[in-house]
Amino acid sequence: NVLRSLAARARARLVDRRGFVLPVVVFGLMLMSTLAVVAVLTAGDEQRSSRAMHESSQAFYAAEAGLQMTYAMVDSFQAALDTLQPGDSLDLGWVTLGGGSSYRSVFHRLDNEGGGQLLYVLMAEGRGPGSFGGQRMLSLAITAEASGDGSGYMLGDCCEAAVAMRGSAELEDQAGLSGYDTHPPGWEAGGVCSDQKYDKPGLMMKDTTRLIMQDDAWIDGEPALSHNPDLDDSTWEQFGDLSWDSLSGMYDKIFHDGTFSPNPSTKVVAGETVCDTDDPGNLGSPDPNHPCFDYFPVVLISDNVTFDNGYAQGVFVLAWDEAADQGSEFDLEMNLTVNGVILGKGCVEPEEDSRFYGSILVDGNYRNLHLCNADKDYAMNDGDATVTWSQCAVDRAILNSGLSEFATVTIPGESSGGRLLVSRSFSEGF
């Protein structure tokens with residue numbers, strides 16, 4: 001009985017083990033099928049992702065191309081941009097590139113109404129050629145660019161007054177200095193001067209106690225007389241980005257020790273009448289219709305030079321003899337008119353009904369006692385000579401003489417056009 005019982009139990013165990021294998025096999029098949037499906041799906045996702053990244057890169061370069069091409073052609077859209085009001089947009093539409101990529105450029109005006117600096121943002125949206133390319137967006141900030149060359153030129157400490165100086169000044173008879181901004185005769189009608197005027201001091205001195213006024217001499221301006229203790233050696237050592245040596249060596253013409261009557265002259269070249277800049281006595285013309293109207297040479301005045309009975313315009317530099325430690329004398333006489341800038345080391349003597357429009361910056365500490373009167377470094381005497389501040393004369397002299405690249409513009413031109421700012425953003429989407 002015991003043996004029969006043991007045999008029955010063994011058979012029962014064999015029957016139980018026979019039912020275990022099938023579920024294990026079925027579960028294994030299900031697991032392997034699931035892993036196979038996951039592998040296939042993962043491979044597809046990787047393929048789609050890789051394709052999307054490739055086409056998204058194409059979208060980026062499409063946006064980059066659109067941004068650069070649109071900005072390069074901004075002048076052709078300027079008329080439309082000028083009509084935009086703050087908050088308005090200019091959509092240039094979609095452009096398809098070779099390979100199927102495309103971009104769309106949109107200008108947005110962001111500044112507030114009521115004047116001030118114009119501000120635009122140029123947005124370029126790029127799309128890849130396929131369905132997975134998504135989009136990329138790039139932007140540039142564009143602001144208004146001053147048209148023309150601006151005004152209010154400053155060449156170092158020049159020009160802050162009708163006359164700015166270190167040393168002594170003497171005004172006699174009916175000689176006068178005016179700081180009220182005045183356009184030279186004929187220039188206003190020629191449309192070369194701004195309607196806006198900027199009044200300055202008539203006379204600016206380092207030491208105002210060294211001013212001598214006699215008879216009916218006069219000074220006016222805003223203010224008439226100004227004290228500037230900062231007029232020192234450095235004022236005449238550096239003119240903007242130009243040293244004194246560089247400036248005095250940049251002259252187009254030189255006048256040395258004599259009396260001259262400058263007047264404009266022309267010549268015919270290839271059948272056209274042009275300004276004869278080779279003529280030593282030609283220093284420009286006051287007439288807006290004359291070929292020499294825009295001719296403003298840099299003129300070096302050396303030793304004792306007198307201009308009389310004529311017209312001159314330009315930047316006049318008083319030479320300084322370093323060995324003798326003495327400057328030069330520049331006399332303006334006999335109904336002479338001069339427009340522009342006079343600066344340097346020595347003395348200036350407008351007299352005998354001469355007229356000067358522009359600005360004078362002179363260092364009378366470098367005086368030549370054999371040329372200038374011993375008791376003064378800057379003199380105005382004899383008759384009705386006047387020196388009148390003119391922003392227009394200063395600006396045209398510095399601009400047309402070629403010195404503007406070394407000068408500073410303090411009055412920007414009117415806004416128009418666009419220029420790139422250091423502002424750029426990047427975004428993307430799928």
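The values are calculated or read from the model by the stated rules, or taken from the named source; none is laboratory data. Since the structure is predicted, the reported quantities are computational estimates derived from the model, not experimental observations. Positions of Cβ are backbone-derived with ideal geometry, glycine not excepted, and every protein chain shown enters the neighbour counts. All accessible areas refer to the heavy atoms of the entire protein, side chains included, with ligands and DNA or RNA removed. Shrake-Rupley method; radii C 1.70, N 1.55, O 1.52, S 1.80 Å.
Worth pointing out:
- Of the peptides 175-187, 306-318, the ranking by mean beta-carbon count within 10 Å, highest at the top, reads 306-318, 175-187.
- Cα-Cα separations in the range 138-294 greater than 28 Å, expressed as whole percent: 45
- Cα Rg, Dmax (largest Cα-Cα span) when computed across the range 255-373, Å: 14.9, 51
- With R₀ set to 25 Å, the beta-carbon distance separating Gln196 from His227 gives a calculated FRET efficiency near 0.40.
- The convex hull around the C-alpha trace of the range 272-322, projected and averaged over every direction, spans 4.2 square nanometres.
- Length-normalised contact order for the range 132-266 - Cα pairs under 8 Å, 6+ apart - percent: 26
- Surface composition of the range 152-243: carbon and sulfur make up 42 percent of the accessible area, probe 1.4 Å.
- Lys197 accessible area, assembled protein chains, probe 1.4 Å, Å²: 80
- With a cut-off of 13 Å between beta carbons, the residues surrounding Glu322 carry a summed charge of -3, where Lys and Arg count +1 and Asp and Glu -1.
- Highest mean packing comes first when the peptides 74-81, 225-232 are listed by Cβ atoms within 10 Å, giving 225-232, 74-81.
- Modelled this way, with points 7 Å down the Cα-to-C-beta line, the labels at Leu29 and Thr408 are 9.0 nm from one another.
- R0 of 30 Å, Cβ-Cβ distance Met250-Ser76: FRET efficiency to nearest 0.05: 0.15
- Each residue of the range 61-75 was assigned a 3J(HN,Hα) from its phi angle through the Karplus expression (A = 6.51, B = -1.76, C = 1.60, θ = phi - 60°), giving 5, 5, 5, 4, 5, x, 4, 5, 5, 5, 5, 5, 9, 4, 4 Hz with x at Gly and Pro.
- Counted charge near Val341, where neighbours are those whose Cβ lies closer than 11 Å (Asp, Glu -1; Lys, Arg +1): 0
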